[in-house]
Every structure is written in C-alpha cells, then in structure tokens.
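Participant: My structure is below; once you've seen it, I'll send some questions.
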Amino acid sequence: MIHIEDKGALFEEVMRVLKPGGFFVASDWLSGEGDDAKIALDKYRKVSHLHFTPATAPEMARVLARAGFLDIETRDRNEWYAKVCAHECEQVEGPLKQELIDAVGEEIYTNWLGVRRGLLQAVSGGGLRPTHLRGAKPAN
C-alpha cells in the first residue's frame with residue numbers, strides 16, 4: 001500500500017468488497033513523525049531510488065475511519081524490525097559477503113549493501129516503520 005498515493009480510494013474499495021462484519025488486516029510501511037523521521041526517510045529514498053508515499057499511523061487511522069472502518073488498530077513493529085534489519089546487515093557484511101559477491105558480482109553487492117544500510121538507517125531513525133493495520137467493517 002506504500003506505493004498507492006490515494007489511500008482513501010484504496011480503503012473505500014476494500015470497504016466496498018469486504019463482507020459486513022469482516023476484517024481488513026494488513027502490514028504496510030508507514031512513516032514516523034517529526035523532522036528526524038523525515039530526514040531518515042529522505043536519505044533512504046535517495047539511496048534506494050524508490051518512490052513511495054507512506055502515511056503516519058495517525059494519518060492511516062484517519063483514512064481508515066473516513067472509509068467507514070471501526071475498531072481501528074495500528075501496531076508499530078519498528079523496534080522488532082530494526083533488530084531484524086541490523087542482523088541482516090551484519091550477515092551480508094560478514095559471513096554471507098563472499099557468497100553474495102560470487103553470486104552477483106562486486107558492483108551489485110556493493111549497491112545492494114548500500115540500500116540495505118540505508119534501510120537500516122531509515123528504520124532505526126524512525127523514517128520507515130513497519131506497521132500492522134486492522135479495521136472492521138460494520139455488521140450492517
């Protein structure tokens with residue numbers, strides 16, 4: 001969903017096709033709030049060359065509510081994922097390094113490692129926050 005700019009239209013469509021009393025459950029990359037989070041996200045965008053439109057958790061909750069969802073929950077998974085991402089970088093820079101270079105070559109490995117490091121910085125800096133989302137469609 002991070003790549004969909006009009007999140008309101010997305011959730012209106014989900015609401016339309018969801019059965020009454022059904023649940024929408026998803027995981028998405030959201031952005032953090034504040035200047036530090038914005039700086040971390042902007043740095044990642046530059047190194048990754050990706051273009052996407054993340055919302056903050058409060059923004060996402062408001063969009064879900066406007067679409068008609070009830071019992072909305074957002075669960076920030078950033079603390080967990082920062083540890084996973086750090087471990088991945090350690091593995092890629094350490095025990096997996098030569099295997100990866102052999103598989104894809106030095107240039108691709110180096111570029112990919114830069115993106116992985118950028119992701120770690122974005123997550124650690126709060127710019128990208130993996131988040132679980134949940135909302136219910138009214139029963140009637």
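The values are calculated or read from the model by the stated rules, or taken from the named source; none is laboratory data. Being a predicted model, the structure only gives us computed values, none of them experimental. For neighbour counting, all protein chains shown are included, and Cβ atoms are generated from backbone atoms with ideal geometry for every residue, glycine included.
Participant: Could you check, for region 57-78, whether at least one of its residues is over 26 Å from residue 10 (Cα atoms) and either of a type outside the set (S, T, N, Q) or modelled with pLDDT of 95 or more (or both)?
Facilitator: Initial filter on region 57-78 (over 26 Å from residue 10 (Cα atoms)): none.
Scanning region 57-78, I find no residue that is over 26 Å from residue 10 (Cα atoms) and either of a type outside the set (S, T, N, Q) or modelled with pLDDT of 95 or more (or both), so the answer is no.
Participant: So, of the residues in region 1-27 that are among the charged types (D, E, K, R) and at pLDDT below 95, which turns out to be surrounded by the most Cβ atoms within 10 Å (Cβ to Cβ)?
Facilitator: Of region 1-27, the ones among the charged types (D, E, K, R) are 5-7, 12-13, 16, 19.
Now restrict to residues that are at pLDDT below 95: 5-7.
On the way: 5: 10, 6: 10, 7: 21.
Residue satisfying both the conditions and the ranking: 7.
Participant: Scan region 73-96 and give yes if some residue there is surrounded by fewer than 12 Cβ atoms within 10 Å (Cβ to Cβ) and touching a strand residue (DSSP E or B) at 6+ places or on another chain (Cβ under 9 Å), otherwise no.
Facilitator: yes
Participant: Among the candidates 137, 83, 97, single out the residue that is of a type in the set (Lys, Arg), at negative phi and touching a Phe, Trp or Tyr at 6+ places or on another chain (Cβ under 7 Å).
Facilitator: Within the list 137, 83, 97, the selection yields 137.
Participant: Is it true that residue 102 is at pLDDT 95 or above, on the phi > 0 side of the Ramachandran plot and of a type in the set (D, E, K, R)? Break it down into steps so the answer makes sense when it comes.
Facilitator: Values: at pLDDT 95 or above: yes; on the phi > 0 side of the Ramachandran plot: no; of a type in the set (D, E, K, R): yes.
So residue 102 fails the test.
Participant: Right, next: I'd like to know if region 100-115 contains one or more residues that are surrounded by 12 or more Cβ atoms within 10 Å (Cβ to Cβ), under 24 Å from residue 5 (Cβ atoms) and touching a Ser or Thr at 6+ places or on another chain (Cβ under 8 Å).
Facilitator: The answer is yes; a qualifying residue exists.
Participant: Quick one: how many residues across region 28-57 are closer than 22 Å to residue 117 by Cα, outside any loop (DSSP other than H, G, I, E, B) and either basic (Lys, Arg) or touching a residue at least 60 places away in the same chain (Cβ under 8 Å) (or both)?
Facilitator: So the answer is 17.
Participant: For region 1-27, enumerate the residues that are aliphatic (A, V, I, L, M) and either assigned to a loop (DSSP other than H, G, I, E, B) or touching a residue at least 60 places away in the same chain (Cβ under 8 Å) (or both).
Facilitator: 1, 2, 4, 15, 18, 25, 26
Participant: In this structure, is residue 83 in a helix (DSSP H, G or I), among the basic types (Lys, Arg), without any contact (Cβ under 8 Å) to a residue 12 or more places away in the chain and over 30 Å from residue 12 (Cα atoms)?
Facilitator: yes
Participant: Out of region 112-134, which residues are touching a residue at least 40 places away in the same chain (Cβ under 8 Å) and either aliphatic (A, V, I, L, M) or assigned to a strand (DSSP E or B) (or both)?
Facilitator: 115, 119, 122, 123, 128, 129, 130, 131, 132, 133, 134
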